[in-house]
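Take a look at the structure set out below.
The values are calculated or read from the model by the stated rules, or taken from the named source; none is laboratory data. All of these numbers come straight from a predicted model, not from anything done at the bench. FYI the Cβ positions are ideal-geometry reconstructions off the backbone, even for glycines, and counts take in every protein chain you see.
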Ligand code: GUN
Ligand code: FE
């Protein structure tokens, strides 16, 4: 099958994945996230965490990942180097933030953030990694002054770069952004005004967007990353994916580690179905997503959301060979095949019951990247 595309994952939060899910978003950031992310000026620590997260996601079948790192440029460059060495296709973002953090020193000035983003982009592009690219990364409107958002919009525009951030994840955050940016019509309008809503933009969550905001997404070609594990784990909200698709907004799936506790895209796919079914329980007339649709979102949908669909997402002639070899009935694996089944049934079983034991080989651009070669272990 085609490799899976994780459209939103915080590589720097991998060390505490599976813990710290007892607070709402804004408190969660100050209590758990910023203290951990502030340690990434230590390149040895960064190397350890970033190697583990790239290996883990590759083994789980993520052939393309769109990463948040931290505010530290050199550690973010190291994440790019590790993804390149291990052979994962990746967008890598040095995080930008200048306000609203409880952790002293875990922020930058506008000038520092702009200068370091330019250094990050310049140095990463200079490496000429074939499948690792920079992405301009304002953390979210709560963490960024209007001045910083404006500068980052300029940098992205002048260099035609990818952009990623968060939007409308919780109602508390939406209210705070409204208070911080009283001249903007909506949260989406804040990003649009600062040139951050383009056809190379991916915004995570979007649980609480209005119809007018979805129209702005469609008009600009910006996309959404649906992160259902995180949305449920932090009690943020439930994105109505059916509605987003009906507005013709591009949408992919994301793990959002560590707000989402699982780094597996199979989990993101299952939580997407769960959320759709929860919406159906609330409204029995709701048009529940099917596993075929969600499979598409985890692969081609993700590649479209990241504007990488000319290179990856399916097996169309001319694209790179990003693929998983799946053995549904692998020895000592999680699935028992009782009968000979049709391919569609086998796929459904794998998507619902499978794990990395079934993913026996992973290819990115034709290179076998799982199992790892000895030097990678
Ligand atoms: N909003 C701003 N930063 C973050 C983050 O690190 N994780 C999540 N889930 N939402 C955010
Ligand atoms: Fe996130």
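Restricted to the range 340-359, and to residues there that are in contact with a helix residue (DSSP H, G or I) (Cβ under 9 Å, 6 or more places away or on another chain) and part of a loop (DSSP other than H, G, I, E, B), the residue that is farthest from residue 371 (Cα to Cα) is 341. Within the range 117-138, one or more residues are in contact with a helix residue (DSSP H, G or I) (Cβ under 9 Å, 6 or more places away or on another chain), within 14 Å of ligand 1 (Cβ to nearest atom) and under 23 Å from residue 35 (Cα atoms). When 185, 172 are checked against the criterion of being within 16 Å of ligand 1 (Cβ to nearest atom) and more than 24 Å from residue 91 (Cα to Cα), a single residue qualifies: 172. Screening residue 266 against (1) out of contact with any strand residue (DSSP E or B) (no Cβ under 7 Å at 6 or more places or on another chain); (2) within 16 Å of ligand 2 (Cβ to nearest atom) leaves a single unmet condition, (2).
Residues to consider are 153, 146; find the one that is in contact with a strand residue (DSSP E or B) (Cβ under 9 Å, 6 or more places away or on another chain) and away from ligand 1 (no atom under 16 Å from the Cβ). None of the other options fit; the residue is 153.
Mind checking whether some residue in the range 73-90 is modelled with pLDDT of 95 or more, within 25 Å of residue 152 (Cα to Cα) and within 13 Å of ligand 1 (Cβ to nearest atom)? No, the range 73-90 contains no residue that is modelled with pLDDT of 95 or more, within 25 Å of residue 152 (Cα to Cα) and within 13 Å of ligand 1 (Cβ to nearest atom). In the range 51-68, the condition of being without any contact (Cβ under 8 Å) to a residue 24 or more places away in the chain, assigned to a helix (DSSP H, G or I) and more than 14 Å from ligand 2 (Cβ to nearest atom) is met by no residue.
Considering each of 248, 231 in turn, give the residue that is modelled with pLDDT of 95 or more and either in contact with a strand residue (DSSP E or B) (Cβ under 6 Å, 6 or more places away or on another chain) or farther than 29 Å from residue 56 by Cα (or both).
248
Summed over the range 242-267, the residues that are at positive phi and either in contact (Cβ under 8 Å) with a residue 40 or more places away in the chain or within 14 Å of ligand 1 (Cβ to nearest atom) (or both) give a count of 1.
Checked against the criterion of being within 16 Å of ligand 2 (Cβ to nearest atom) and part of a loop (DSSP other than H, G, I, E, B), the candidates 23, 29, 79 yield just one match: 23. For the range 37-78, the set of residues classified as in contact with a strand residue (DSSP E or B) (Cβ under 6 Å, 6 or more places away or on another chain) and surrounded by fewer than 21 Cβ atoms within 10 Å (Cβ to Cβ) consists of 59 only.
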